[in-house]
1. What ranking do 60-73, 104-117, 178-191 get when scored by the average of other Cβ atoms within 10 Å per residue, highest first?
2. Quick one: pull the percent of accessible area on region 141-243 belonging to carbon and sulfur, 1.4 Å probe, ligands and nucleic acids left out.
3. Send over a whole-number figure in Å² for the accessible area per residue of the chain, probe 1.4 Å.
4. What per residue convex hull volume, in Å³, do the alpha-carbon atoms of region 187-243 yield?
5. With the alpha-carbon atoms as the only input, what is the per residue convex hull volume for region 111-243 in Å³?
6. Any idea what Rg and Dmax come out to for the chain if you just take the C-alpha atoms, in Å?
7. If you wrap a convex hull around the Cα atoms of region 45-189, how much volume per residue is inside, in Å³?
8. Residues with amide H under 5 Å of Tyr111's amide H, sequence separation 5 or more or different chain, H placed in the peptide plane at 1.01 Å from N; which?
Amino acid sequence: MSIHLHHIERDGAVDDEEALEQFQRGWATYQKVIDHNALSHREVAAVLRENVSALSDPIEFLDIACGDAGQMAWALANGQIRRYRGIDLSQSALQLAVKNLERVPFDVDLYHSDFVAELTARRHASDVSWCGLSIHHLTTANKHTLLQALQETTSRFLMIYEPIMRDGESLESYLDRFERKNKAAWTFLDPAEWDEVFHHISTCDLPESPRGWMELGRDAGFSDVRELFVDQNGLYGLYRYDR
Ligand SMILES: C[S@@+](CC[C@H](N)C(=O)[O-])C[C@H]1O[C@@H](n2cnc3c(N)ncnc32)[C@H](O)[C@@H]1O
């Protein structure tokens, strides 16, 4: 099977350049968070695997902000994947993705580009689209525009895993709650690494309430919208939007 890495040159700044720079500096720290399953990546990959393997015909799979695609070989192993497309702005993450996907039994195309530009231009039709922890950097209006584009270009379903606030909770209270739940528990990070993670979250993250994430899907035209999983701290939710 083939793996292609496409570099896409485009004019203009990306929506969340600051978020990207911080992420690139903090890749090793983020990897620790994943390795300790602090954001429930394992449970989420299991739900994705179950949903994809339930489809009996071959599919085109789109991974939005794929990062290093670290869990995709496992999550997609039981599915009938015809082609995997991943989009990410981080060249170093995509180089890791090439390694992580080198043995998968399907074709892989990786796009070094801004997912907002790629998707709003409707450049990537797929059967199943997936986004882990990345749409929440966008404003509510921009999330709506993105989901609308995905509704038009995704033939089966979209799944997203993103931060959630309680109904009526302010961003400030959400951040307090995040800090209270995680600061003492994430002993695998040293204080500087925690500060780096929390700085990123408190300057870049724009969570929605579960109701907000589901309304965004309905407003974008998806016919069926479901919550499939919430992490044990009530800070992240997994949503499925069916065409
Ligand atoms: C928190 S990581 C999530 C990685 C992976 N999806 C996961 O669930 O672990 C965010 C990823 O989004 C990428 N990213 C952020 N903004 C982006 C944009 N506008 N276009 C493409 N990738 C972007 C970053 O480079 C990074 O790999």
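The values are calculated or read from the model by the stated rules, or taken from the named source; none is laboratory data. Computed from a predicted structure; not experimentally measured. Glycine also receives a Cβ, built like all others from the backbone with ideal geometry; neighbour counts cover every protein chain displayed. What goes into the accessible areas is simple: the full protein's heavy atoms, side chains included, and nothing from ligands, DNA or RNA. Shrake-Rupley method; radii C 1.70, N 1.55, O 1.52, S 1.80 Å.
1. In descending order of packing, they fall as 60-73, 104-117, 178-191.
2. 46 percent
3. 46 Å²
4. With only Cα atoms used, region 187-243 gives 101 Å³ per residue.
5. Hull volume normalised by residue count: 118 Å³.
6. 17.0, 48
7. 135 Å³
8. Amide H neighbours of Tyr111, under 5 Å, 5+ apart: His6, Gly86, Ile87, Asp88.
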